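Note sheet for the following structure.
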Amino acid sequence: GGRWSLKGMTALVTGGTRGIGSAVVEELAELGAIIHTCSRNEAELNGCLEDWKKKGFKVSGSVCDVLSREARNKLMDIVSHTFNGNLNILINNVGTNVRKPTLDYTSEEFSLIMATNFDSVYHLCQLAHPLLKSSGMGSIVFISSVAGVVALPSGTVYAATKGAINQITKNLACEWAKDNIRSNSVAPWYIRTSLVKRLLDKEFVENVISRTPLRRVGEPKEVSSLVAFLCLPASSYITGQIISVDGGMSVNGFY
Ligand code: NDP
């Protein structure tokens with residue numbers, strides 16, 4: 001190991017086949033971690049697993065829709081079996097959004113966003129707790145959003161789920177500190193992924209960039225680096241924090 005290595009550590013990354021999740025899998029693998037990931041599309045998952053194998057990364061995967069409680073139970077069983085009951089790192093990455101004005105949400109849309117972004121994350125923390133504790137050194141990282149920190153026009157339901165994540169980040173940091181489990185949140189602004197590709201037309205990007213001091217959107221690798229840092233022994237005294245990766249957007253008064 002060492003302070004700047006994840007050698008021998010075990011990790012579960014939800015939604016690792018695209019975007020931020022995929023960058024996190026690769027970043028953790030490059031630092032020596034052994035990883036299990038999941039997604040809903042089996043063909044895409046298998047393609048990723050083959051790629052990672054070629055790169056020499058130790059990554060396994062299973063198909064799991066985190067929306068289903070039963071699928072989450074099964075996922076954690078597989079993880080426990082794969083890693084002999086020890087998990088060092090849980091990355092809660094899966095998230096979705098339906099972007100519209102508050103008055104337009106149907107109850108189905110409301111439930112889908114809540115269940116995907118918050119209920120599943122909460123339950124995965126519950127399921128992972130004994131494994132994280134048993135590892136002797138656990139770290140949970142939530143992929144939140146600046147939409148849970150400041151008001152953005154990306155939808156109030158999404159914002160509420162990310163706000164909820166930001167709060168449990170703090171609670172779990174305190175409640176599970178005795179088990180040597182740390183809990184932190186990473187809150188990105190616009191990152192170039194499949195989730196926001198539809199949104200990133202010229203006019204929208206120009207608007208986003210004009211509010212961002214660094215004058216560009218972010219790349220998945222610029223999020224995964226922070227996620228990895230929060231899992232390293234080097235960050236062993238950092239817990240309960242929500243850190244934005246936003247090119248300065250959330251501190252921008254009037255630049
Ligand atoms: P993408 O849509 O690009 O990737 C999502 C990944 O999660 C895919 O691998 C997808 O695979 C998987 N996934 C989605 N739904 C489920 C599900 N129900 N069960 C299992 N796997 C699932 O998303 P991003 O990388 O952009 O987003 C990742 C996280 O980052 C989210 O929590 C999002 O809210 C957050 N975020 C993103 C920002 C951005 O600008 N991109 C900004 C702020 C926060 P599959 O579809 O095959 O299941």
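Assorted remarks:
- Straight-distance candidates among the aspartates and glutamates for linking to Lys58, with alpha-carbon spacing under 15 Å and chain neighbours fewer than 8 residues away dropped: Glu26, Glu27, Glu30, Glu50.
- Cysteine residues of the chain whose C-beta has no other cysteine C-beta under 4.7 angstrom: Cys48, Cys125, Cys174, Cys231.
- Protection proxy ranking, highest mean first, for peptides 138-145, 66-73: 138-145, 66-73, where packing is the per-residue count of other beta-carbon atoms within 10 Å, averaged.
- Between 0 and 90°, nearest 10: helix 120-135 axis offset from the chain longest Cα axis: 30 degrees
- Per residue, the accessible area of the range 66-186 comes to 43 Å² when a 1.4 Å probe rolls over the protein heavy atoms.
- Between Thr14 and Ile91, Asn93, Val94, the built amide H atoms are under 5 Å apart, and every one of these is 5 or more places off in sequence or on another chain.
- 20 Å Cα-Cα reach of Lys74 towards lysines, excluding residues that sit fewer than 8 places from it in its own chain: Lys133
- The range 79-136 and the range 20-48 have Cα centres spaced 16 Å apart.
- Against the main long axis of the alpha-carbon atoms of the chain, helix 221-231 sits at an angle near 40°.
- Within the chain: Cβ-based charge dipole about Cα centre, in debye rounded to nearest 20 (Lys, Arg +1; Asp, Glu -1): 480 debye
- Global form of the range 35-131, assessed from the alpha-carbon gyration tensor, a/c cut-off 1.5: oblate
- Fraction of accessible area attributable to carbon and sulfur, the chain (%, probe 1.4 Å): 55 percent
- Annotation: peptides 238-248, 105-115, ranked by per-residue average of other Cβ atoms within 10 Å with the highest first, follow the order 238-248, 105-115.
- A protection proxy built from the mean count of other Cβ atoms within 10 Å ranks the segments 74-85, 193-204, 14-25, most packed first, as 14-25, 74-85, 193-204.
- Note on Lys100: lysines with a C-alpha under 25 Å away, same-chain residues under 8 apart excluded, are Lys162, Lys197, Lys202.
- Ratio of Rg to Rh over the chain (Cα coordinates, Kirkwood Rh, two decimals): 0.95
- Considering only alpha-carbon pairs that sit under 8 angstrom and 6 or more positions apart, the relative contact order computed for the chain is 20 percent.
- Between 0 and 90°, nearest 10: helix 156-175 axis offset from the chain longest Cα axis: 40 degrees
- Normalised contact order of the range 129-255, rounded percent, pairs of Cα under 8 Å and 6 or more residues apart: 32 percent
The values are calculated or read from the model by the stated rules, or taken from the named source; none is laboratory data. Computed from a prediction, not measured in an experiment: that's the story for all the values here. Please note: Cβ atoms are built from the backbone with ideal geometry, for glycine as well, and neighbour counts cover all protein chains shown. Just so you know, the surface numbers come from the protein's heavy atoms only, side chains and all, with ligands and any DNA or RNA stripped out. Shrake-Rupley method; radii C 1.70, N 1.55, O 1.52, S 1.80 Å.
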